[in-house]
Structures are given as C-alpha cells and as structure tokens.
1. Of all residues in region 355-374 being among the aliphatic types (A, V, I, L, M) and outside any loop (DSSP other than H, G, I, E, B), which is farthest from the ligand (Cβ to nearest atom)?
2. Return the pairs, sorted by first residue and then second, in which the second residue is exposed (fewer than 13 other Cβ atoms within 10 Å of the Cβ) and not in a strand (DSSP E or B), the first residue lies in region 288-316 and is in contact (Cβ under 8 Å) with a residue 12 or more places away in the chain, the beta carbons are less than 6 Å apart, and the residues are 6+ apart or on different chains.
3. For region 524-553, which positions are assigned to a loop (DSSP other than H, G, I, E, B), free of Cβ contacts under 8 Å to residues at least 60 places away in the same chain and either within 16 Å of the ligand (Cβ to nearest atom) or of a type outside the set (Gly, Ala, Ser) (or both)?
4. Scan region 226-239 and give yes if some residue there is buried (at least 20 other Cβ atoms within 10 Å of the Cβ), more than 18 Å from Ser58 (Cα to Cα) and of a type in the set (D, E, K, R), otherwise no.
5. Say we look at region 912-938 and pick out the residues that are in a strand (DSSP E or B) and basic (Lys, Arg); which of these is surrounded by the fewest Cβ atoms within 10 Å (Cβ to Cβ)?
6. Pull out all pairs, ordered by first then second residue, where Cβ-Cβ is under 8 Å, the residues are six or more apart or on different chains, the first lies in region 583-610 and is polar (S, T, N, Q), and the second is away from the ligand (no atom under 13 Å from the Cβ).
7. Which one is nearest to the ligand (Cβ to nearest atom), of the residues in region 189-221 that are in contact with a helix residue (DSSP H, G or I) (Cβ under 8 Å, 6 or more places away or on another chain) and under 16 Å from Leu67 (Cα atoms)?
8. Give region 611-630 a look and list any residue that's in a loop (DSSP other than H, G, I, E, B), of a type outside the set (Phe, Trp, Tyr) and farther than 23 Å from Lys697 by Cβ, or say none.
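The values are calculated or read from the model by the stated rules, or taken from the named source; none is laboratory data. Not measured: the values here are computed from a predicted model. Heads up, the Cβs are rebuilt from the backbone with ideal geometry, glycines too, and the neighbour counts pull from every protein chain shown.
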Amino acid sequence: MTFPPMGRRALLTGTAGTLAVTALPALSAPKRAVPSGLLHGLSPRPGLPERLPVEDPSRILLSNGWLFHEGDIVFPLPVTHDETYTNAKAGNARGAAAMEYDDSDWATVTVPHDWASAQGFVETANVSQGYRPRGIGWYRRTLRLASEDRGKKLELHFSAIATAATIWINGSVVARNFSGYNAIAIDLTPFARFGDELNVIAIRVDATAMEGWWYEGAGLYRHVWLAKRSPVSIATDGVHCDPRLGSDGRWQVPVSVTLESIARTAATATVMVDLLDPAGKVVGSARATAELQPLAEAQVAISLAVADPQLWSIEAPTLYTVRVTTDAPGGGDERRVAIGFRTIRFDANEGFFLNDKAVKLKGVCLHQDHAGVGVAVPDALLAWRLQRMKDTGVNAIRCSHNAQAPEFYQLCDRMGFVVMDENRIFNPAPENMAQLEWLVRAHRNHPSIILWSVFNEEPMQGTEAGVEMVRRMAARVHALDDSRPVTAAMNGSFYDPQNVSSVVDVMGFNYYQGDYDKFHALNPAKPSSSSEDTSAFMTRGAYATDKAAHVMSSMDTEAAPWGATHRNAWAEIAKRRFIAGGFVWTGFDYHGEPTPFTWPTIASFFGILDLCGFPKTAYDIHRAHWIDSEPVIGVAPHWTWPGREGQPIALLVTSNAERVRVVLNGRMVGEQAVDRIMGNAFTVPYAPGKLEAIALKGGREVARATHETAGPAVALRLTPARTAMLGDNEDVVPVTIDAVDAQGRHVPTENRLTRFTVDGATLIGVGNGDPNSHESEKAPQRSLFNGLAQMLVQAGEGRGKVAIAASAEGLRPARLVIDRVAASPRAQVAVTPTGAFILGWRRSKSFAAAPDPALAPPPNDNNSWDFTRSGSAATPETGPSFRLYRATLPVRRRVVAEGGTLSFTRIEGRATVYVDGRQVAAKRDFAGAPLEAAVPAGAKTVAVLVEAEPNARSGLTGAVRLAPR
Ligand code: GAL
C-alpha cells in the first residue's frame, strides 16, 4: 500500500561506509547529498505512502476485537437425549463454537495475525515449516449489526486463513475451508441478528494441515472484511472486465456483471458501467437492466469501445478504472476495478511479448512471509517488499506455489510487474476445482497476470492421469478466462509418451536447464519459459562457506545439485530467445525449507535478499543482469578483514556498464571489459582502506561502489525506510539497525545484541536475516547479524512523532524520530463489548393464571415448550396470559465465583425474574422496559414469568446479557 515513486531509485547512496553506489550526473539521476554510510538500497525514501484504491466500497475491515485461544477446545460430546437432540439443530453448535461459550480469558488480537510467528523453534517440529509448532487455534468475535442492516446482503470475507478452517455464525457451521490461500466469502444474511441481539463468529483453525513444504503460518493472517450490500447487489468477484484488442485493432472492454438478489419480490436492476481514464475522467459509459427473481442471480453483459487507450506496461503501468454502479429497489451497489490495456503473447521461438514488444521475464518466485511477522504481512510491508524487487530489476513474479494476498495483485498492477499466478493443489475433483475457479475469477481482471499455472512439480506430470487432470483444469481456466495461457511447472518427464507438456499452452521448466534445447527441438511449436531456476545458496554478509556452521558463501559459488548459481542459471536463459524468461528461486529468503541443512537452521538460503530484505551479493548480480535504465555496479565482499593483511582476496564486480575498474586506496588494481552475466573477477591483496569499483561507459565513470575498512564499532545507527509514516494505524516502516565506527562507517562484522524502545508506534516484529538464529521475532531486541538487524514499526493513529531508540552494551545508543502524518484510518467494524448473551430460551404455553415458577419442561420433551430466542415476542392474547421463560445461565468463570448481573434490554409485559427458583427482580408495568437482576455466585438457571397485557405482544424482546458485577 505504500510505495515510493517508481521507475528509478529515489536515492543513490554514497560516501563512507559499506557498499555504497554513486551514480554520476552523466547517465543517471542527479547526485544528491546523502547521509553518511547508508546501506546499499536501504536509504530512506522520500514521500508518503499511497493507499490502494477501494475496489468494493460495500465493505469495511474487521481487524479489531478478535479473541484468540491457542490450542484446541474439544467439543463436549452430547450425552443425554436432550443434549443429543438440540446438538443436531441449527444454531446449537457446542463447545467453543457455541454462541454462549465463555471466552472471557482469551487474548485480544488484531488481524492480520499469524500465531506461529510468535512460537519458539522446536527440534521435533516440522523442518519444512521452519521448526515452528503450528497446531490448532480458535478465534471468536462478536458483531453488532444495526437494525437498519436488516434486509441488506451481509457477507464476511476472509482473504485467507491458514490452514483448514471451520467457521460458525451464531452457532451454525457456515464454512469448512481446506485451503490456506483462497479467500472465503460467507453469506451472513440468513443467520444475522440485529440490534442488541449480537452475532458471534467462531472459527476453529487447524494449522496442523500442510499444503506446502515451506512456512505457511497459522491463523487469520490476511484481512477480514464485513460487506453490507443492498438486497439487489453485485456478487463477490462478480465483475469481469478485462480489455481485449480486436482483430480490427480496436479496444473493447467487455464487462460482465453478476447480480444477485435477496429481495422477497422480483426486482429490476439498472447497471451503469463507466470507464475512467487514469486521471479519473469518464471516457466511456453504458447501461443495461436485468430482472432478478428472489434469491436468484442474473448476468449483465456490456461492452465499451475505447479509442486509443494508454497502454499498461512494466515501465508505465497505466491503469483505467471500470466503475460499475447499480440501482434497484432497496438501493444500489458499486465496484471499482482497475484494468490495464495490454496485449500478451508467448511465441515458441521468440519468447514473451507485451504489447507486441519482446520482454524477457526477469522473474522471481516468492513465498509470502517476512521476518518478524511470518505470513501476517501488513499491506505497507508488502509494498516495501515489492519495491525491493523493483530495486533488484525484477519485472516478473511467480506466486509460488499459491495465491497471494489480494493487495499483492493490486500492487503488481500499479508497480508494473507481470505475474504467473499459481494454483496450489493439483486435483480436478470438485473441492479443488472450486479453488482453481476462485483463483481465476478473483484475479482475472489484473493486467499484471500473464499466466495461470495449474501446478508445481507434480509426480503425475508424466502419466495419463496427470494429462487428464491438467486437461480438465486447463479447460476450466480457459472457460473463465480466454485471454491468458495455462502453464504447469514441470520438473522432468518432458519426453514421456504421456506428459502434461502436451496439454498446456506454455511449457514451464523447473530447473532442467540442460533440456531447454532438446525440448524445443522436439516441440518447435510450444512456447516455453523457465518457471523456476537457480536455487543457489547464500548467507547474507558471509563470504566463505562453512557447512559445519550452516553458512553459505555469498560469492555465488553454492547451489543445489538440481539448480545453478545465480549467474549460471541466468546465462542459460539470457542466451535463448525461445525461453521467455526465468524465475529465480527465490526473491527473498523465507521461513522453513532450510535446504541444504536441517536443525538448527530454520529459514532458507535461496533469496536474492534475506528474510529482512537486506541484499546479498545476488542483489548486485541481478541488478547487473536486469537493469538497463541506469548504470549499476556492485563489488563483493566488504572490505573489513582485520588480520588478513597481505592475503589475496577474490573480488566479484558486477555491472551493466562497458568496463569496470578496481581501485584500492587510490591505486589502480585492474580494469576489465564487463561480463554482464558472470561478473568480473579481480584478486587483490588485502590492505585496509578504501576499495572502489568504478563502472565506465565511453571511457567515462558512470557509477561507483565503495567499501571502506571499518574500525571497532562505537555507536548504533537507525535508518528508516521512510522518514514519514501515515498515522493510520496500519502503515509500517522497516528500520535498519547497524553499528558504525568512530568515523561513522558501517561495521559489517558486528553481531552484538541490540535492544529497542518505540514510542508512538508498535514494534510488530524484528529480524536479522540469519537462517540459524533462534532469537524471538517478537521481542524488543535482536542481535545484529553480519552488521544488520531490522525492526518493523507500525504506526499509531493521528499526527505525531514516532520515537525509536536502540541500545547495545558498549555502544552509543541511537535515536530516530519519524513523523507520523495525520491520516484517517480505514473504516473498521466497531468492537463490541464482550459478555455472555443468553440466547436460547424455552417458553411455556400461555396460562390464564400465573403458573408455578418452578414449572419446567420434562426431560426429552421437545414438543410442549417452544424453543425461542431472546429478541422475539409472543403474539397477543385477548384475556389474561402468563408465560414462563427458562434458560440455563451461560458459564462465566468470574460470575460463577463472584456473582453477576443479568441485564434484560427490554421485557414487554409485567415480569418476575427467578434465579435457581428464588425471586431476584420484578417489573410491575406492562410497558416494554429494561430490567436488571443480581445473580448470586454459583447460580445455574434463570426463569422469567411474563404477564402480557391483554391484546399486546409480550416477552423478552431485547438481548439478555450476563456480566460480572
Ligand atoms: C523446487 C520447488 C520449490 C523449492 C525449491 C528448492 O523443486 O518447486 O518449492 O522447494 O525446489 O530448491
């Protein structure tokens, strides 16, 4: 959600310190004054975050007020006949799914929430998931819906839950979802209660289920929304509006809108479609009408012709907006969908074309977690991560191996990435086919998406069954989207007589780079791309491999046996036009999959950047490969090697210029013609001082990278990714902690423990990029790792200052103030005060004279007393009428111990309240009024005798709440 101006790096670092890059005016951005010694690519950027536009104004966030219980809560098995009978009925879920469940000692949490990221590391836990116990957890949330919401279409949207989730609304199960990556939309309408009759959402999350072999997190780790729509509304994901260029060279935006109605009578809806240009000006409009039967759907199709639109591209990701508004009895609805005009094409010989221009895919595969927060990545951090990919020169992202957050696709549209979207479970059976359909339906308007991948590395890829499965899945994708090709990421079996390469549009190679040519020769008409490559290992800031210590050199010498180094992998892709591009495994390190090691290593080594987004040498390697718009240069390793004076040190210089020159302490070491892919090797006897790598073009210096030898650390330093943040309760700024020497030079070897305090913001996580560290990611402290650590700071609300301090033993502390700029937080569903609501009552028949208040339905009698809910009224009687209402008091530990208060929001009729047979309160008037009653400790039952006024309704017509005194 927050991203700085794109296209060029806002600041180029220079001056003393670690690896720094300066660009000279001739070929690059004007040189600017920069604070001393900032790290490569991590300098603060100017500007304030931009918010993602609202696509669905009918919904607001439901982030706050969730109660969380870690661990399972076993359902009490029904034993008696009464229990068994009621257990089988709607609204009567038991245990923690019951509306009345005592959650008063649960923790209050805010979503996104990943409970696994707060866990310690346990050797017996799953290695691939990063040795973090995930387990089972429960969430509950009470929700008040205003009486004006009655008649509206109400939906709950979970952008994803990790992993298997069962969801109850008001004691009825409404969803059983088995994917940790798809969104869940729940129609709340038929279950909803209004006014003081609160609603209870209960969710059991089983994160012992695994869908992947990487860290998957646990819980409500993406956004949750509440949608309130008119009775005739636009269905969720119900607008399809992806532009098409006709064979006549004219652009059309075919817009199809799915409407649905919960109205009680047939309705006519008018649908208005406007096309807004990037400046927000309406450049096309059309309207249509639809007839909707009650509880039915209708489709409206409209096409807008657009003359000469500005195209969407990686360099200029120009977006238009399709605004769909409806008008119908009961009100309208609205969606605003960002679209881009672009064409895509995969050619068997020439690779990928965007707008008829050949574009090599300079891609990365991404998992979704980050240091400190696990998979609960706030939007602003997601935007920052994508900006780090832009800085690396990436133009393509593969969603490995699952759908990403909705905001990810919005950001890719806006920042100019092309995306391979990927389905998680390879299975055309209905449950999984529905997940695939959801993926396409939910994402098919995004101009960024250029490919649908139906699987990653499936053992059945070379079988008849595998072919049949892909055929069905590909057909379903094409039925929902006729514009993008289908691929599958294969790892072998390409030449088997039956293999899925025959039924995909684009062949995807995972590794097997030696097979590119043979496959192409055998399948000359089949477009192909690497879907995954590289799998090289680097520990950020380490320059020698020490396998015993689980450390991998960052000199690009280490790779998995099935993979290749960063340079070798790209070399194979760069030299073949018919390979559309590559997808490096991976852009960032991620938790879990610590290949090639196991315990105590808890995170991966594959990233171009580490878990915090700090650059490894691969960052400079790929910048040299991928960036054409400005001169770049990098040199590894750093230049602080006390004790190694006179020893030769191998340098890797990476640049996109013509020549590179290396200078040590002002003396020329050597100059070479640039090898843009493999980099340039120099060997230099170590002498402390200043090492410079200079990039030359036409004989002139165009960029320079500098390392200076650092002395002992004397102070800490804090460097924020931005100097200002929004006071919107959501914005996040990553802050880099490093140590500097007496001259202010970054010390790349410092590993000291640093401690933090944050005022005016919340520290939501910490990290340092060390895959072997078992330090907490939530504690306000972190050791530096090879010189660096990271804090993730989330803004509070309103205008103010965020004050951050870091201290370490023996070092001068550092302080930092970030401006918190006034910003209105996004609308949130109000938090409802929790309490125990007595919902289910038994109601006697009407008596002409007051019955004995001890009267109760006999055991197993389900037919002579009504089952009723508070909030409902009994119909008037002409003569005297007495009814008895009975309920079991919900168990609330404090009330049981100390007693409490029963509050009746409204009772109509005269009433006497009895607790365990003793009268505790009475109301003498017939008129509807509230009533309070004291409940003694240990009380179990309540009975209310209501006398109706003749010809008037009566009963417990408002909520009944039990609270501690
Ligand atoms: C691939 C797989 C990735 C990851 C990678 C590690 O086979 O698709 O998910 O496991 O290997 O090298």
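1. Filtering region 355-374 for residues that are among the aliphatic types (A, V, I, L, M) and outside any loop (DSSP other than H, G, I, E, B), the one farthest from the ligand (Cβ to nearest atom) comes out as Ala358.
2. Hits for this filter: Gln293/Ala266; Pro294/Arg264.
3. Residues of region 524-553 assigned to a loop (DSSP other than H, G, I, E, B): 524-527, 535, 537-545, 550, 552-553.
Cutting the leftovers down to free of Cβ contacts under 8 Å to residues at least 60 places away in the same chain gives us 544-545, 552-553.
Within region 524-553, Thr545, Met552 qualify.
4. no
5. Within region 912-938, the subset in a strand (DSSP E or B) is 912-915, 918-923, 929-935.
So of that shortlist, the ones also basic (Lys, Arg) come out as 918, 923.
Working: Arg918: 10, Lys923: 22.
Here the answer is Arg918.
6. As it stands, the answer is Thr586/Ile608; Thr601/His550; Thr601/Pro771; Thr601/Asn772; Ser604/His591; Ser604/Pro771, since those pairs meet every condition given.
7. Ala218
8. If we filter region 611-630 for residues that are in a loop (DSSP other than H, G, I, E, B), which is where we start, we get 611-614, 616, 627-630.
If we keep only those that are of a type outside the set (Phe, Trp, Tyr) as well, we get 611-613, 616, 627-630.
Matches in region 611-630: Leu611, Cys612, Gly613, Lys616.
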